[in-house]
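Down below is the structure, laid out as structure tokens.
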Amino acid sequence: MDQTKQEEEYGYDLFPERKPGEHKKTSIAESLFTFNHKCQVMLQFAVETSEYQLFSLFLSGCSKVFKDRHFSCEDCDGTVSGGFDAASSQIVLCQNNIHQQSHMNRVVTHELIHAFDHCRAHVDWFNNFRHLACSEIRAANLSGDCSFTNEVARFNFGLKRHHQECVRGRALRSILAVRKISRAEAEKIVDEVFDSCFNDHAPFGRIPHSKRDAKFAYRDYMNRDRYYANL
Amino acid sequence: MRKRCHIVPPRACEDYWSEFRHCKSLKNCFHHYYTYGTVPSCQQWKEDYHNCREWEKHRGTEAKEALRRSEKIRVAEQRNFIPVWQLRQEPPRDWHVPLNQEKPQDS
């Protein structure tokens with residue numbers, strides 16, 4: 001397939017430093033004159049949080065996530081905050097669009113959910129919109145993207161069942177950002193897979209709304225052998 | 001052949017109690033309403049806690065079976081969806097391959 005067409009079809013045009021199949025190391029000049037250093041520092045803080053430690057345990061068969069191999073701070077187009085590049089098994093963090101630690105933590109969690117899906121299932125990121133939609137639904141659902149406070153900060157004031165509305169909306173946005181399909185088509189695909197994917201809470205076993213939810217999910221994970229042996 | 005243990009409850013009894021307390025907390029009720037539009041039903045955790053204590057103290061078969069039944073329902077509820085994708089038997093081959101090497105085609 002023509003390189004440019006491939007870049008546009010798969011959303012690589014949002015990540016101009018990243019060409020499919022290529023790897024570019026950050027030069028010292030780039031480090032000095034971009035937000036690269038700030039991104040690296042925030043990423044370091046993010047991987048020291050307990051939620052991250054928890055998550056890297058969960059990463060199924062992939063066993064380990066290495067900061068230097070699996071994360072990359074880059075400049076991105078528009079307002080996109082990050083992405084998961086299945087071709088290089090990397091989480092991309094948009095250094096020009098992430099300026100707060102809390103935002104970094106959330107983006108890291110969101111993209112780790114994509115990485116988790118990539119590790120545990122045959123996800124056809126490039127050709128199967130249902131797979132893409134499913135992972136986006138799960139990421140919006142489980143990462144804290146749609147928490148009440150985050151929604152209020154976006155001036156989206158909703159209460160009863162608003163979480164689901166938010167998940168639907170954000171999944172739709174994410175799909176439309178990286179694939180050239182119509183809104184109606186994207187909505188249809190999200191509707192088709194929503195019930196299945198919204199109820200898939202792996203690896204947490206619940207939607208982690210709070211630190212206690214995350215703590216209990218970790219406890220369940222550490223206890224899993226005893227649990228299944230005594231059912 | 002499945003190893004039959006059933007010597008201890010699936011969870012420590014304090015875990016059931018802490019899940020019950022957490023379920024009933026104001027914060028959790030709020031999150032549940034925000035997500036599902038209803039308040040959570042927490043009674044089952046309390047029953048499970050009592051059955052767990054009963055199992056530990058008196059080794060009652062009824063308590064044991066009630067607890068195991070409750071947990072099986074919980075597991076079934078968590079799996080109550082048709083997956084969109086096929087699960088892997090092994091992780092992707094190129095997960096750890098260094099970036100400047102030729103990557104094998106991931107199936």
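The values are calculated or read from the model by the stated rules, or taken from the named source; none is laboratory data. Here the structure is a predicted model, which means the values were calculated and not measured. Ideal geometry is used to build each Cβ from the backbone, glycine not excepted, and the neighbour counts take in all protein chains shown.
In the range B:76-99, which residue that is of a type in the set (A, V, I, L, M, F, W, C) and more than 7 Å from chain A (Cβ to nearest Cβ) is farthest from residue A:64 (Cα to Cα)?
Taking the range B:76-99 first, the residues of a type in the set (A, V, I, L, M, F, W, C) are B:76, B:81-82, B:84-85, B:87, B:95, B:97, B:99.
From what is left, the residues that are more than 7 Å from chain A (Cβ to nearest Cβ) are B:76, B:97.
Details: B:76: 29, B:97: 12 Å.
Per the criteria, the residue is B:76.
Inspect the range A:158-176 for any residue being away from every other protein chain (no Cβ under 13 Å), farther than 19 Å from residue A:118 by Cβ and assigned to a loop (DSSP other than H, G, I, E, B) and give the result as yes or no. Taking every residue of the range A:158-176 in turn, none turns out to be away from every other protein chain (no Cβ under 13 Å), farther than 19 Å from residue A:118 by Cβ and assigned to a loop (DSSP other than H, G, I, E, B).
Here is a list: A:216, A:194. Which entry is at pLDDT 95 or above, surrounded by fewer than 20 Cβ atoms within 10 Å (Cβ to Cβ) and not assigned by the TED database to the domain that holds residue A:76?
A:194
Among the residues making up the range B:8-39, those that are of a type in the set (A, V, I, L, M, F, W, C) and farther than 18 Å from residue A:201 by Cα are B:8, B:12, B:13, B:17, B:20, B:26, B:29, B:30, B:39. If you check A:62, A:73 for being buried (at least 17 other Cβ atoms within 10 Å of the Cβ) and at pLDDT 90 or above, only one passes: A:73. Six or more apart or on different chains, Cβ under 9 Å: which pairs go from a residue in the range A:34-57 that's over 11 Å from residue A:109 (Cα atoms) to one that's at pLDDT below 65 and not in a helix (DSSP H, G or I)? Could you list them? Here the result reads A:34/A:26; A:36/A:26, each pair linking the range A:34-57 to a residue that is at pLDDT below 65 and not in a helix (DSSP H, G or I).
The rows are residues; the columns are (1) within 13 Å of another protein chain (Cβ to nearest Cβ); (2) in a helix (DSSP H, G or I).
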site: B:11; (1), (2): yes, no
site: B:14; (1), (2): yes, yes
site: B:54; (1), (2): no, yes
site: B:67; (1), (2): yes, yes
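Confirm whether residue B:23 is at pLDDT 95 or above, within 16 Å of the chain's Cα centre (by Cα) and within 12 Å of chain A (Cβ to nearest Cβ). Against the criterion (at pLDDT 95 or above, within 16 Å of the chain's Cα centre (by Cα) and within 12 Å of chain A (Cβ to nearest Cβ)), residue B:23 qualifies. Taken together, the criteria exclude residue A:123 from residues that are of a type in the set (A, V, I, L, M, F, W, C), more than 14 Å from chain B (Cβ to nearest Cβ) and in contact with a helix residue (DSSP H, G or I) (Cβ under 7 Å, 6 or more places away or on another chain). Count of the range A:74-129 residues, restricted to those that are at positive phi and assigned by the TED database to the domain that holds residue A:173, is 0.
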